[in-house]
Amino acid sequence: MIITAIVLATAAAFCLALGTHFQQHAVAAMAPGPRRRATWVTGLGLMGLVTVLNVIALGLGPVAIVQPIGAVSLVAAVLIGQRFFGLRLGAPLLISIAVTLFGVFSFVTTSARFAHDLSATEQSVTWLLAVLIALSIFAGLFSISSAGHIPRVIITGIVFGTVAAATHVLARSVIVAGLPGLDGLGARWWLLLSAVGLASAAGFWLVQTAYACGPAETVLAGLTVIDPIVAVIIGAAFFGEYSGLTPVATLGLLASAGIGIGGVWMLSRFHPKVLSARSTVISPVPAPAATTHPLQQGTQS
């Protein structure tokens with residue numbers, strides 16, 4: 001089942017890269033009209049396919065393995081950007097991507113060794129439900145704030161990481177025991193499903209605002225780093241998925257997370273679009289040529 005989960009998550013990563021580029025290009029670079037609408041809807045359809053593939057993958061495999069595979073989308077997005085959008089692959093960009101991927105995959109290799117079946121209780125599901133509702137409200141308010149590109153990416157990653165953890169709980173419970181009823185944990189299951197839909201909608205809207213003020217690669221880098229980190233933290237804190245973590249492994253996870261976040265910061269600083277925008281802002285505006293008023297010419301003569 002884990003092999004199937006990896007294949008599905010990899011397919012989802014490529015769809016995520018395509019969908020991100022379609023939506024970012026429609027939001028940030030196209031004039032309003034039928035073509036922009038069609039491009040955006042195509043991206044939306046790909047994002048829907050990503051959701052379906054990820055839900056199935058999260059039901060078949062642990063979060064610590066499935067979610068970080070999304071980092072493949074960062075590589076795919078860069079190749080798509082180079083091929084279709086003229087993205088220049090300079091050394092700073094490639095180093096930033098390499099650092100990000102190293103952080104993600106080192107996080108995976110450490111956390112996956114300690115992953116085991118989750119233990120969902122009424123209390124843990126209730127806590128996760130409360131976190132999802134709070135994040136949905138916060139993301140909605142954050143989307144209309146004056147925050148910059150990177151803060152929007154970070155909050156989106158936190159929202160989708162929590163959604164991924166909740167989806168894993170929902171999918172695993174269905175695979176193990178089938179659809180629940182409406183009593184006991186079953187009622188909370190349906191409430192959690194509703195909260196996942198609400199949080200997904202809030203995160204989706206927030207990521208649209210991130211597309212409007214920054215490059216697609218930065219969005220993907222932030223999501224592929226922050227998303228799995230948050231999902232693993234929730235799995236460990238609420239459901240005991242990583243209860244066997246040793247102090248050394250915990251330090252390794254923290255170091256890997258720091259490296260991955262550092263890679264996202266580098267990407268936000270050295271992406272060609274960011275550098276181009278920065279040089280446009282700081283380049284001096286040429287002073288207008290000095291002219292002599294006709295009356296001054298007459299006085300001088």
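The values are calculated or read from the model by the stated rules, or taken from the named source; none is laboratory data. Computed from a predicted structure; not experimentally measured. For neighbour counting, all protein chains shown are included, and Cβ atoms are generated from backbone atoms with ideal geometry for every residue, glycine included.
Here are a few things to note about the model shown:
- Residues that are closer than 21 Å to residue 213 by Cβ and among the hydrophobic types (A, V, I, L, M, F, W, C) within region 19-39 comprise 22, 26, 27, 28, 29, 30, 31, listed in sequence order.
- Annotation: of all residues in region 114-152 being at pLDDT below 90 and charged (D, E, K, R), the one that is nearest to residue 224 (Cα to Cα) is 117.
- Looking across region 108-120, the residues that are among the hydroxyl-bearing types (Ser, Thr, Tyr) and either in contact (Cβ under 8 Å) with a residue 40 or more places away in the chain or touching a Pro at 6+ places or on another chain (Cβ under 6 Å) (or both) come down to 110, 111, 119.
- Residue pairs whose Cβ atoms lie under 8 Å apart, separated by 6 or more positions or on different chains, with the first residue in region 122-140 and assigned to a helix (DSSP H, G or I) and the second aromatic (Phe, Trp, Tyr), are 124/238; 124/239; 125/189; 127/238; 128/238; 139/205; 140/205.
- Scope region 141-165; condition assigned to a loop (DSSP other than H, G, I, E, B) and either of a type outside the set (Gly, Ala, Ser) or in contact (Cβ under 8 Å) with a residue 60 or more places away in the chain (or both); matching residues: 144, 148
- Across region 281-296, not a single residue is classified as closer than 28 Å to residue 155 by Cα, at pLDDT below 80 and within 23 Å of the chain's Cα centre (by Cα).
- Test: residue 153 is over 23 Å from residue 61 (Cα atoms) and surrounded by 20 or more Cβ atoms within 10 Å (Cβ to Cβ): yes
- Among the residues examined, residue 229 qualifies as hydrophobic (A, V, I, L, M, F, W, C), closer than 19 Å to residue 59 by Cα and surrounded by 23 or more Cβ atoms within 10 Å (Cβ to Cβ).
- Pairing each residue of region 255-273 that is buried (at least 22 other Cβ atoms within 10 Å of the Cβ) and outside any helix (DSSP H, G or I) with any residue that is modelled with pLDDT of 75 or more and not aliphatic (A, V, I, L, M), provided the two are 6+ apart or on different chains, yields C-beta distances under 9 Å for 271/92; 271/96; 271/214; 271/215; 271/218.
- Of all residues in region 97-129 being in contact with a Ser or Thr (Cβ under 7 Å, 6 or more places away or on another chain) and β-branched (Val, Ile, Thr), the one that is farthest from residue 67 (Cα to Cα): 110
- Output for region 240-251, where each listed residue is at pLDDT 80 or above and either in a helix (DSSP H, G or I) or of a type in the set (A, V, I, L, M, F, W, C) (or both): 247, 248, 249, 250, 251
- Residue that is surrounded by the most Cβ atoms within 10 Å (Cβ to Cβ) [pool: residues in region 183-208 that are closer than 25 Å to residue 104 by Cα and either among the polar types (S, T, N, Q) or under 11 Å from the mean Cα position of the chain (by Cα) (or both)]: 207
- Of residues in region 1-58 being over 25 Å from residue 69 (Cα atoms) and touching a Ser or Thr at 6+ places or on another chain (Cβ under 8 Å), the one modelled with the lowest pLDDT: 30
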